[in-house]
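Participant: Handing you a structure now.
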Amino acid sequence: MSRSFFRKDATAQGVAKQRLIESLAKPDKRIINDPYADRFVWGESLIKLMGHEFSVWVTRQFAPGFHEHLICRTRYIDDVVEESAANGAEQYVILGAGYDLRAHRLHLPTDIKTFEVDQAEVQQRKRSKLPSSLANSKNVTYVSMDFNQQSLSQQLLDAGFDQSKSTVFTLEGVSQYITREALSSTLQELTTLIQDADSTFVMSYVDKRLDEDPKSCFGKGYPNAVKRAESVRRLSAKFGEPWISLYSAQELQQLLLDNGFVLTDNKTIAELNSEYFTPVGRTVPEDQIFKLEHFVVAKSPEV
Ligand SMILES: C[S@@+](CC[C@H](N)C(=O)[O-])C[C@H]1O[C@@H](n2cnc3c(N)ncnc32)[C@H](O)[C@@H]1O
């Protein structure tokens, strides 16, 4: 396998690694469980040996709250997807799916149709690592494409997307890596695609204040906030996936509106801490709050 291949899945592996670490926590302490994450992570045996607490401690040396932030993002999106499915969504489109295993690990209706969209190389590696028998496998279709180069709607229609069905779309941990134009045209294509079916769009975005006022993207007293923010960005760029698009809340809201979606929720770990971490005795202290990324829900207008 070439070096460029590894670069393509580096960030997908990075997120899967945090899901693996979280899944190693005791069932009554963990926020999410991803029993498949270990298949995609280099050094998974060592991580398993180190266990949840020590692995979180090691991650904290790189950036306090980084693990909890990513896990909070995953859990939030898990909840929205499960709620949308319970409310009648019949299709689920995972944009930039990487090693997302929601199609198999969440409690979704057995007849929901899932489309996973990502770069061909990442999907090839994912499929080669998945077990042969998996819940809901027959309902998952892989759509290989590059958002910066190809038309999403055409690829989805070719793959069997049904425009009359209510759909939930997720774009998790991707918007910072693609151009503004690519995000805008992706949204435009979704609007055309969904026609008059009731749909939900969930995404994460990195706060533009990271460039202008980095300290505001961390809890009060967070150690070396500016330096840590630079380290996280540098690491991502080093692996060939620089953060090229950051957004303000107003800008994102307008972008959604211009493309036919109405923003209904915008959260960071700061707001979700008491909902997810406090009940299991893991409240994230203020000086470890890593809130440079927001989790957003938008709806297609009432029809
Ligand atoms: C940080 S990973 C997130 C993966 C997954 N959503 C998760 O949260 O586990 C970013 C994903 O976006 C995909 N991606 C980045 N740029 C892309 C592009 N231009 N076209 C298609 N996929 C892209 C990458 O291949 C990778 O799987």
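The values are calculated or read from the model by the stated rules, or taken from the named source; none is laboratory data. All of these numbers come straight from a predicted model, not from anything done at the bench. Positions of Cβ are backbone-derived with ideal geometry, glycine not excepted, and every protein chain shown enters the neighbour counts. In case anyone asks, the SASA skips ligands and DNA or RNA and just uses the protein heavy atoms, side chains included. Shrake-Rupley method; radii C 1.70, N 1.55, O 1.52, S 1.80 Å.
Participant: Take the residues in region 33-47 that are touching a helix residue (DSSP H, G or I) at 6+ places or on another chain (Cβ under 8 Å) and outside any loop (DSSP other than H, G, I, E, B), then tell me which one is most open to solvent (accessible area, probe 1.4 Å).
Facilitator: So the residue we want is ARG39.
Participant: Something else: Those residues that are over 14 Å from PHE218 (Cα atoms) and in contact with a helix residue (DSSP H, G or I) (Cβ under 8 Å, 6 or more places away or on another chain), I need them from region 268-286; list them, please.
Facilitator: LEU272, TYR276, PHE277, ARG282, THR283 - these are the residues of region 268-286 that are over 14 Å from PHE218 (Cα atoms) and in contact with a helix residue (DSSP H, G or I) (Cβ under 8 Å, 6 or more places away or on another chain).
Participant: Just checking, which of LEU210, LEU272, LEU257 is farther than 22 Å from VAL81 by Cα, part of a helix (DSSP H, G or I) and among the hydrophobic types (A, V, I, L, M, F, W, C)?
Facilitator: When all the criteria are applied, what remains is LEU210.
Participant: Here's a check for you: in region 166-187, which residue that is open to solvent by 30 Å² or more (accessible area, probe 1.4 Å) and in contact (Cβ under 8 Å) with a residue 60 or more places away in the chain is nearest to the chain's Cα centre (by Cα)?
Facilitator: Checked region 166-187; the qualifying residue nearest to the chain's Cα centre (by Cα) is TYR177.
Conditions (1) at pLDDT below 90; (2) among the aliphatic types (A, V, I, L, M); (3) open to solvent by less than 30 Å² (accessible area, probe 1.4 Å), marked per residue:
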site	(1), (2), (3)
PHE201	no, no, yes
SER204	no, no, yes
LEU210	no, yes, yes
GLY221	no, no, no
ALA225	no, yes, yes
SER231	yes, no, no
SER236	yes, no, yes
PHE239	yes, no, no
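Participant: When only residues in region 8-32 that are in a loop (DSSP other than H, G, I, E, B) and closer than 15 Å to ASP100 by Cα count, which is nearest to the ligand (Cβ to nearest atom)?
Facilitator: The selected residue is ASP9.
Participant: Counting only residues that are free of Cβ contacts under 8 Å to residues at least 40 places away in the same chain and out of contact with any Phe, Trp or Tyr (no Cβ under 8 Å at 6 or more places or on another chain), how many does region 143-165 have?
Facilitator: So the answer is 13.
Participant: Looking at region 163-181 only, could you name the residues that are more than 8 Å from the ligand (Cβ to nearest atom), under 29 Å from GLU241 (Cα atoms) and part of a loop (DSSP other than H, G, I, E, B)?
Facilitator: Residues satisfying the conditions are SER175, GLN176, THR179.
Participant: Considering only residues that are aromatic (Phe, Trp, Tyr), out of contact with any helix residue (DSSP H, G or I) (no Cβ under 6 Å at 6 or more places or on another chain) and in contact (Cβ under 8 Å) with a residue 40 or more places away in the chain, which ones fall in region 48-70?
Facilitator: Within region 48-70, PHE62 is the sole residue that qualifies.
Participant: What's the number of the condition ASP100 fails, among (1) within 16 Å of the ligand (Cβ to nearest atom); (2) at positive phi?
Facilitator: With respect to (1) within 16 Å of the ligand (Cβ to nearest atom); (2) at positive phi, ASP100 is out only on (2).
Participant: Shifting gears a bit: Restricting the first residue to region 231-249 and requiring it to be farther than 15 Å from TYR205 by Cβ, which pairs with a second residue that is part of a helix (DSSP H, G or I) and open to solvent by 60 Å² or more (accessible area, probe 1.4 Å) meet a Cβ separation below 7 Å and a spacing of at least six or different chains?
Facilitator: From region 231-249, the pairs are PHE239/ARG7; GLY240/ARG7.
Participant: Moving on to the next point. List the helices (runs of 4 or more DSSP H) that sit entirely inside region 63-143 and contain at least 1 residues that are at pLDDT 95 or above, surrounded by 19 or more Cβ atoms within 10 Å (Cβ to Cβ) and among the small types (Gly, Ala, Ser).
Facilitator: Output list reads 66-86, 102-105.
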